[in-house]
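Step one of this worksheet: look at the structure below.
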Amino acid sequence: MRTLLGLFQEIQDSGSEAIRFHTGYRTWVHSWSELSNQIGGFAAYLERQGIEKGDRILLWGGNRPE
């Protein structure tokens, strides 16, 4: 059975476009590799804050990658 994480790992090296969004002034494009790096950075941040598996957190923000 394929998992979402497994699928993500397969496509992150493809270099293809993962996200495209417009801020009103500029259009931003992120590849799967860039998205993977951002996710890894956020995971490392949570770990530095002492968040562990099973902890509950609230994410609050706009519908944007940053």
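The values are calculated or read from the model by the stated rules, or taken from the named source; none is laboratory data. Owing to the predicted nature of the structure, the values given are computational and were not obtained by experimental measurement. Using ideal geometry, Cβ is built from the backbone for each residue, glycine included, and neighbour counts are taken over all protein chains shown.
Pick out the one residue from 19, 51 that is modelled with pLDDT of 90 or more, out of contact with any Cys (no Cβ under 8 Å at 6 or more places or on another chain) and not in a helix (DSSP H, G or I). First the steps, then the outcome.
Details: 19 fails: modelled with pLDDT of 90 or more.
Just a single option satisfies the conditions, and that option is 51.
Residue under question is residue 39, and the condition is that it be surrounded by 10 or more Cβ atoms within 10 Å (Cβ to Cβ), at negative phi and in contact with a helix residue (DSSP H, G or I) (Cβ under 7 Å, 6 or more places away or on another chain); does it hold? Step through it out loud before you land on a result.
Values: surrounded by 10 or more Cβ atoms within 10 Å (Cβ to Cβ): yes; at negative phi: yes; in contact with a helix residue (DSSP H, G or I) (Cβ under 7 Å, 6 or more places away or on another chain): no.
Considered against the rule, which asks whether it is surrounded by 10 or more Cβ atoms within 10 Å (Cβ to Cβ), at negative phi and in contact with a helix residue (DSSP H, G or I) (Cβ under 7 Å, 6 or more places away or on another chain), residue 39 comes out as no.
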